[in-house]
1. Residue A:80 is checked against (1) at pLDDT 95 or above; (2) surrounded by fewer than 15 Cβ atoms within 10 Å (Cβ to Cβ); (3) within 14 Å of another protein chain (Cβ to nearest Cβ) and fails just one. What number does that condition carry?
2. Return the residue satisfying two criteria in turn: it lies in the range A:115-135 and is surrounded by fewer than 17 Cβ atoms within 10 Å (Cβ to Cβ) and under 22 Å from the mean Cα position of the chain (by Cα), and of such residues it is nearest to residue A:91 (Cα to Cα).
3. Sort through A:117, A:156, A:141 and tell me the only one that's assigned to a helix (DSSP H, G or I), within 29 Å of residue B:99 (Cβ to Cβ) and of a type outside the set (Ser, Thr, Tyr).
4. Contact list please: Cβ distance under 6 Å, first residue in the range B:19-38 and within 13 Å of chain A (Cβ to nearest Cβ), second residue aromatic (Phe, Trp, Tyr) and buried (at least 18 other Cβ atoms within 10 Å of the Cβ), pairs at least six apart or on different chains.
5. Is at least one residue of the range B:210-219 over 22 Å from residue B:68 (Cα atoms), modelled with pLDDT of 95 or more, away from chain A (no Cβ under 14 Å) and out of contact with any Ser or Thr (no Cβ under 8 Å at 6 or more places or on another chain)?
6. Is the range B:79-88 home to any residue that is at the interface with chain A (Cβ under 9 Å from one of its Cβ atoms) and surrounded by fewer than 16 Cβ atoms within 10 Å (Cβ to Cβ)?
7. Could you grab me the full set of residues in the range A:161-176 that are closer than 30 Å to residue A:61 by Cα and either modelled with pLDDT of 90 or more or in contact with a strand residue (DSSP E or B) (Cβ under 9 Å, 6 or more places away or on another chain) (or both)?
8. Checking residue A:61 against (1) surrounded by fewer than 21 Cβ atoms within 10 Å (Cβ to Cβ); (2) modelled with pLDDT under 95, only one condition comes out false. Which one?
Amino acid sequence: MHQIDVQKLSKRFGARKALEEVSFSLHTGDSLAVVGRNGSGKTTLLRILAGLAAPSRGTVAYMDNGRTLDRAEVRHRLAYVGPELTLYDSLTAVENLRFFATMRGIAIDDGWIEAMLSMLQLAGRGDDFYGAYSSGMKQRLKYAVALLNDPVYLLLDEPTANLDDEGKKIIGEIIARQKQNGILIAATNETGEYGFAEKLIRLGS
Amino acid sequence: MASPKSSYGLAAKSLAVLRKDILSEYRTRYAINAILLFGVTTLTVVSFAVGQIGLPADVYAALFWIIIFFSAMSGLAQVFVKEEESKTAIILKLTADPTPVYWGKLIFNFLLLTLLEVIITPLYFVMTDVVLHNAALFFTVLILGSIGLAGATTLIAAIISRASIKGALFAVLSFPILLPLLIGAIGGTKKALGPVEAPFAAASSELQLLVSYAVVMITASVLLFEFVWEE
């Protein structure tokens, strides 16, 4: 049983409060929607949860059967997809996938890559450079990289940004699978997306 | 979709970073153009200024390492600056352990320096009146100096990559750290260029300094890199 425990998380940028005492606890199978107006701290919260920023106060603990995971263990179980994330423009989609798979310590073969690209409706575009992709295709490939390690903790910032209806449907399926097997936290401004989650936190209110 | 599980060790991950950087550099020429342009330009200026004048070996040695040092300053920081500027550092931090990132970048910087030296060194001897008395010592000093230079600048590049004035900060931080290396490298090169008997024995203190510097700098960098990269 995996768990994420967030206690009184606060973040300040100088005098400005970006987050004020956010607390929640999630277990395997839980999903959380983080909502709020622009600038309410949604991305800041996800960045702290992903280990990309340090909180000013408060704690974040990732646990596996009651044992707190260290940073490297969290890295191997966590994936994050967000607008600030960029893959390598000068590598093709397949080269990007192979590189990040190696860094994750995962061996992927041509069949896995083809199946993943096909699922994300990028079949036949694997040898195109990431820099030549449209914004929606880039978003889809970020999901392919995120799913490389079958993440226990999946953090999504604006999960359907830049995606067409077909892309939103695919992401909906990924979210549904994650809710069965792991923990999902998604920050969104789209009121239509609140429904995917059983729990909801409204920031900046 | 379940992903196939396997395991890659430190060497495989480091080589993946190196391969990615070589492929990316080959396609974009991000660092190599800067480093080669600076190297060749500086060499040309030096050759016009001193090419026809017979100078002592220590002056030729110093000029040679000035060219290498400033060329390195113009390009070696790119290995991390590029990751920050193109915003790929975030996903690299999310997916990769720090140690293979450091080793991959270190080897890439060493290869970049080696390429610079392969071009600059023969041109330096052609365009100036300098005479090489001991090639074995010269190349030993050059290789050891390059390892130390790459080791130190790779960590400094990671430190300055998120700063707003990267170029100036890189040179300012690098100079005091690289000073012992430059002193040893210039001293060793001087003994390779001059007519010295038993040159390896004569340059033993410089060689010891260069080996020690490279070992200490790379060991310290491996230990410190995780904090520099993740904090």
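1. (2)
2. A:131
3. A:141
4. As it stands, the answer is B:20/A:99; B:21/B:108, since those pairs meet every condition given.
5. Yes, some residue in the range B:210-219 is over 22 Å from residue B:68 (Cα atoms), modelled with pLDDT of 95 or more, away from chain A (no Cβ under 14 Å) and out of contact with any Ser or Thr (no Cβ under 8 Å at 6 or more places or on another chain).
6. Checked the range B:79-88: at least one residue is at the interface with chain A (Cβ under 9 Å from one of its Cβ atoms) and surrounded by fewer than 16 Cβ atoms within 10 Å (Cβ to Cβ).
7. A:171, A:172, A:173, A:174, A:175, A:176
8. (2) is the only condition that residue A:61 fails.
The values are calculated or read from the model by the stated rules, or taken from the named source; none is laboratory data. Quick caveat, the model's predicted, so the values are computed rather than measured. Positions of Cβ are backbone-derived with ideal geometry, glycine not excepted, and every protein chain shown enters the neighbour counts.
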